[in-house]
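Every number in this text was worked out from the coordinates using simple rules, so none of it is lab data. Because the structure is a prediction, the values reported are computed rather than measured. All Cβ positions, even for glycine, are placed from backbone atoms using ideal geometry, and neighbour counts span all protein chains on display.
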Amino acid sequence: MNILFTEEHYKLQKMVRDFSKEKVASISQRLEQEAEELKEVFELLSKQGLMGLMLPESFKGTNVDTYSFLITMEEIAKECPPAAFLYNTHLASSFAILAFGNSLQKSEYLPQLAKGNLICALAGTEASGGSSPFAIQTTARKENGSYILNGTKTFISGAGFADLYLVMAKTELEPGKTGLSMFLIEKDTPGFTFGKLEEKLGMQELPTGELLFNECRVPADSLLGPIGGGLQVMGAVGGLAGLGAGAIALGLAQTAADMTKTHLRERTILGQKLGEIGAVQLRFADMMIEAQAARSLLYQAAYDKENSKPGPIPTIFQAKINTTEKALKIIDSAIQLHGMYGYSRDLPLEKLYRDARSLTIHFGNNDVMRSNLSKLMLEI
């Protein structure tokens, strides 16, 4: 492993950190009252040139490496977790279009995604199967040069908010056999509507809900990648989005750790600084160790992504699971060290915990990922 940040990485980190604190943080506070303010965050990301982070300059992107992607994601997550969540999906989905799209799809969509004129979301989950793509019931039948989709997607982040959706559906490969394929479907396509929005424990400001397809007809060139190639497309999205989820989790954990550091230095109990108490020091030290260890594994996975052959990368699974769960543990310790102040809604720690909890489920359910990781490592 050779994880070395260049001067450009540090410049990017400072730019995104300053931008997030100066512009995004104030909007994030208003999001709790009005989710529509989320649009303003994406307008700012667009003006900052960050919406096409992983796309080549030929498609109006900035063509950064995976380290830069993680740096950017963590800094935005510190100030606005719901925006970082959907931003992660947008970037990973854009990357999948770059990897699997034909020349027409790339020229039509990628510049618009990079400029922020379109926001992209991923629609794979269904009520019948949760995280398992093999339980997908949404169908896409070919008819007169078009595909007609029928079915329902659930728990889709950005439902109704995003403009373009990557939709997984069952397609017929040959008589008697079905496969999974991915489609690019625009928001206003006839036969494509939105159902109920979910009320959630965390990430409450991010619209999450149902996508409904009722005889939704799309052109044949809406197919992204080869027929039956939906799992490969999903793998491209999931690999990058899993790393992004880890970076978001680190952003939340680091925010909690920074708040705790200030609290331990300033809070006095019985004439003694809280940070001078031995047991408190031990808990805080563990928080720092766990954050740094999680960050190291995450960047190891990013290095492996940049340098490994195509195919599943074990460290991506490991890093996603580890960072999202360690973030919960770190935030929980921060709440404990703040006492009732940490449990109260007067401080954002309880919200950080609720938002972080979603990351163990989204972008790959951690338990499912553990199973997939074991099979990968055991070669079974």
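Helix 66-79 versus the longest principal axis of the chain: what is the Cα-based angle in degrees, 0 to 90, to the nearest 10?
60
For segment 97-243, what is Rg from Cα atoms divided by 2.2 N^0.38 Å, rounded to two decimals?
Rg over 2.2 N^0.38 Å, computed on Cα atoms: 0.99.
Considering the options THR89, ALA114, ILE71, tell which one lies farthest towards the positive end of the dipole of segment 1-136, charges being +1 on Lys and Arg and -1 on Asp and Glu at the Cβ, about the Cα centre.
So the residue furthest toward the plus end is ALA114.
Hey, what's the Kirkwood Rh for segment 192-305 if you take every pair of different alpha carbons, in angstrom?
In segment 192-305 this quantity evaluates to 18.9 Å.
I need the phi-derived Karplus couplings for segment 241-254: 6.51 cos²θ - 1.76 cosθ + 1.60, θ = phi - 60°, integer Hz, Gly and Pro marked x.
5, x, 5, x, 4, x, 5, 4, 4, 5, x, 5, 5, 5
Within 12 Å, Cβ to Cβ, of LYS60, how many net charges do the neighbouring residues add up to if Lys/Arg are +1 and Asp/Glu are -1?
Taking every other residue near LYS60 into account, the sum is +1.
Take peptides 10-19, 147-156, 116-125, 307-316 and line them up by average Cβ neighbours within 10 Å, highest first, as a rough protection proxy.
Top of the packing list down: 116-125, 147-156, 10-19, 307-316.
Going through segment 165-270, which GluC sites (Glu not before Pro) have at most 12 other Cβ atoms within 10 Å and a DSSP loop state?
When the GluC sites (Glu not before Pro) of segment 165-270 are filtered for loop state and at most 12 Cβ neighbours within 10 Å, GLU199 remain.
Given Cα pairs under 8 Å that are at least 6 residues apart, what percent is the relative contact order of segment 7-119?
Rounded, it is 31 percent for segment 7-119.
Would you kindly derive the ³J(HN,Hα) couplings of segment 282-288 from the backbone phi angles with the Karplus curve 6.51 cos²θ - 1.76 cosθ + 1.60 (θ = phi - 60°), listing them in order in whole Hz, with x for Gly and Pro?
Ordered by residue, 3J(HN,Hα) equals 5, 5, 5, 4, 5, 4, 5 Hz.
Principal axis lengths of segment 125-174 from Cα atoms, whole Å, largest first?
32, 25, 13
If the cut-off is 27 Å between C-alpha atoms, which lysines fall inside it for LYS170, apart from same-chain ones fewer than 8 positions away?
Counting by Cα, and skipping residues close in sequence, LYS170 has these lysines nearby: LYS106, LYS142, LYS153, LYS187, LYS196, LYS375.
Tell me the Rg and the Dmax, in Å, that the Cα atoms of segment 231-378 produce.
Reported Rg and Dmax, both Å: 17.4, 61.
Compute the convex hull volume of the Cα atoms of the chain, divide it by the residue count, and report the result per residue in Å³ as a whole number.
Per-residue hull volume (Cα only) is 146 Å³.
For segment 1-122, what are Rg and Dmax over the alpha carbons, in angstrom?
Using the Cα atoms of segment 1-122, the pair Rg, Dmax is 14.4, 45 Å.
Under 20 Å from the Cα of LYS351, which lysines turn up, not counting those fewer than eight places away in the same chain?
LYS21, LYS78, LYS200, LYS261, LYS326, LYS329
How would you order 371-380, 324-333, 293-302, 240-249 from highest to lowest mean count of nearby Cβ atoms within 10 Å?
Highest to lowest by the protection proxy: 240-249, 324-333, 293-302, 371-380.
Taking θ as phi - 60°, what are the ³J(HN,Hα) couplings along segment 11-27 by the Karplus curve (6.51, -1.76, 1.60), each to the nearest whole Hz, with x for Gly and Pro?
5, 4, 4, 5, 4, 5, 5, 5, 4, 5, 5, 7, 10, 7, 4, 5, 5
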